[in-house]
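**Q** Structure incoming, see below.
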Amino acid sequence: MKITKSTNTKINDVNFNSIKFGEIFTDHMFECNFSNGSWEDPIIRPYSSLVLDPSTHVFHYGQSIFEGMKAYKDNNNDLWLFRPKDNYERLKKSSERMHIPVFPEEYFFNGLNELIKLEKDWISNKPGSSLYIRPFVFSSSPMLAASPSIDYKFLIICSPGAAYYSKPLSVYIEDEYSRAAPGGAGYAKAAGNYGSAFYPTSLAISKGFDQIVWTDSNSHQKIEEVGTMSIAFRIGDKIVTPMTSDTILDSVTRKSVIQVAKDLGIAVEERDIFISELISEFKSGNLKEIFGCGTAAVIAPISSFGYKKERFELNKLEESYADQIKNSIVNIQQNLSKDLNSWKYKIKQ
Ligand SMILES: *Cc1c(COP(=O)(O)O)cnc(C)c1O
């Protein structure tokens, strides 16, 4: 792989104590183009703007998918990824659904390895710090024909992140709009799924909530996801989370939460959850916790939910499952505890 190093670094201009998610990018990026029916040799080059023709396919027809993952540095300055194979497998599934040529696995892992190695000074080993990694692919042919693009561009960019403590969220259970429908592309990490979520989310925000709880598109009675995260509930002493499906994205964090909960001796059920059940469990005092699961926050606690005109506030817990599970996952990610399930992936330096 050809690597062109940046002649200067932006790292000294960054105040690592006050970075917001996804606002600052590192010095280099990985790039690979698909043309004439195959992926060309990938390169790493200084981070810079792209020049694209106004007719570029992605602007009009949105053939675009992405991944989100993190790299960590431990106290010996070793660098780690967390379950990157799962991200690769999902990238493949998303590509197939969006009719994008699958990016070769070897290029993906070599690209990640070389880029993270090059950007290692951007990762701190302070608790909770990481480097957010955004691989993405978009359709790049200059053409307005409403048919699949002929050319594609695969890039990886990186953004440093400090510990991310989300304040407990209040969420609105959506009963009109849908994120995904059976037979649709909800299981793919497709850019358009995000684009179409902003408007209903803005309506929920104007009603005083932070995020939407997505329900099934048919009856709006079954819980699916929250914002751009998986959702889980603690009902009594069990964790309950909806099964993944073609309308629920297969979150790496969700899978990790399920396994870590089991490792901690907490029972987990993957099954349908109806709004009526939540409200009746809330009323009987059994609904103890709600949380979102995703790479950015790991676990985002939810302290209240609204449905139609009603609001439901959960009681604060001293010993939450959310905290226990989050700590267990973060400790594995930062190489502070035993990795029972072989999730860590070491960057070769
Ligand atoms: C990315 C994403 C998630 C979280 O997936 P992780 O692999 O845990 O980061 C959940 N739901 C949707 C819709 C997403 O796009």
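**Q** For the pairs K85/K346; K85/K348; K120/K255; K10/K167; K70/K189, flag any whose C-alpha to C-alpha distance is greater than 19 Å.
**A** The pairs that break the limit, which is 19 Å between Cα atoms, are K120/K255; K10/K167.
**Q** Here's something else I'd like to know. Only Lys, Arg, Asp and Glu count, each charged at its Cβ (+1, +1, -1, -1), so figure out the dipole size of the chain about its Cα centre, rounded to 20 debye.
**A** Value, rounded to 20: 540 debye.
**Q** In terms of Cα to Cα distance under 14 Å, which aspartates and glutamates are near enough to K344, apart from those fewer than 8 places away along the same chain?
**A** Cross-link targets: D74, D78, D86.
**Q** Follow-up. Answer with one residue from I266, G192, T215: the one whose Cα lies farthest towards the positive end of the charge dipole of the range 169-333, charges on Cβ with Lys, Arg +1 and Asp, Glu -1.
**A** G192
**Q** How long is the gain from K126 to E313 if the chain were fully straight, where each residue apart is worth 0.36 nm and the alpha carbon distance is subtracted?
**A** 64.0 nm
**Q** Between the range 260-326 and the range 17-95, how many Å separate their Cα centres?
**A** 32 Å
**Q** In debye, nearest 20, what is the charge dipole magnitude of the range 2-160 about its Cα centre with +1 on Lys and Arg Cβ and -1 on Asp and Glu Cβ, if you could check?
**A** So the dipole magnitude of the range 2-160 works out to roughly 360 debye.
**Q** At a Förster radius of 30 Å, what calculated FRET efficiency corresponds to the Cβ-Cβ distance of N76 and D250, to the nearest 0.05?
**A** Efficiency, rounded to the nearest 0.05: 0.40.
**Q** Could you compute the longest span of the chain free of GluC sites (Glu not before Pro) located in DSSP loops and having at most 13 other Cβ atoms within 10 Å, not counting the site residues?
**A** 177-317
**Q** I'd like the trypsin sites (Lys or Arg not before Pro) in the range 228-333 restricted to DSSP loop residues with at most 15 other Cβ atoms within 10 Å, sorted by number.
**A** Listed in order of number, the matching sites are R271, K308, K309, K316.
**Q** Under a 10 Å cutoff between Cα atoms, tell me which one of N33, N286, N87 has the largest fluctuation in the Gaussian network model of the chain.
**A** Judging by the Gaussian network model, the answer is N286.
**Q** On to the next question. Under the definition of Cα pairs under 8 Å and six or more residues apart, what whole-number percent is the relative contact order of the range 169-333?
**A** Over the range 169-333, the number comes to 25 percent.
Any read-out appearing in this document is the output of simple, stated calculations on the displayed coordinates, not a laboratory observation. Just so we're clear, the structure is a prediction, and the values are computed from it rather than from any experiment. Note that each Cβ is placed from the backbone with ideal geometry, even for glycine, and that neighbours are counted across all protein chains shown.
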